[in-house]
Amino acid sequence: MIAEISANTFDSFFAWAPWVIGLVIYFAFYLAKRQETATVPSSSGPATYACSACGRRGTREQMVPQVHDGAVAWQCAACSAQTAT
């Protein structure tokens with residue numbers, strides 16, 4: 001007995017094989033990625049801002065906003081006093 005695959009079966013296999021293999025790969029990645037969790041950076045205190053002139057860091061209450069061309073730059077009190085004079 002000679003085993004022969006019909007042309008219709010051969011065509012159907014190669015028509016559906018890429019779709020089936022693609023779905024298997026997609027499902028494998030889904031199973032691998034669903035266990036991952038997003039890491040949230042820890043907030044270790046209040047946010048600090050760096051002075052746009054000297055680089056000194058401080059909380060928002062210690063900084064003075066300087067608006068220029070629609071942008072806001074934060075400066076420490078000492079640098080803000082120097083630019084005002």
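None of the figures in this text is laboratory data; all of them are computed from the coordinates on show. Computed from a predicted structure; not experimentally measured. Heads up, the Cβs are rebuilt from the backbone with ideal geometry, glycines too, and the neighbour counts pull from every protein chain shown.
Could you pull out the residue among Y49, Y30 that is assigned to a helix (DSSP H, G or I) and either touching a helix residue (DSSP H, G or I) at 6+ places or on another chain (Cβ under 6 Å) or among the aromatic types (F, W, Y) (or both)?
After ruling out the rest, the residue left standing is Y30.
Let's see how each residue does on (1) surrounded by 10 or more Cβ atoms within 10 Å (Cβ to Cβ); (2) more than 30 Å from T83 (Cβ to Cβ); (3) touching a strand residue (DSSP E or B) at 6+ places or on another chain (Cβ under 7 Å):
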position: G22; (1), (2), (3): yes, yes, no
position: R34; (1), (2), (3): no, yes, no
position: A38; (1), (2), (3): no, yes, no
position: T48; (1), (2), (3): yes, no, yes
position: R56; (1), (2), (3): yes, no, yes
position: P65; (1), (2), (3): yes, no, yes
position: A73; (1), (2), (3): yes, no, yes
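Among the residues of region 52-85, write down those that are basic (K, R) and in a strand (DSSP E or B).
Here is the first cut: in region 52-85, the residues basic (K, R) are 56-57, 60.
Within region 52-85, R57 is the sole residue that qualifies.
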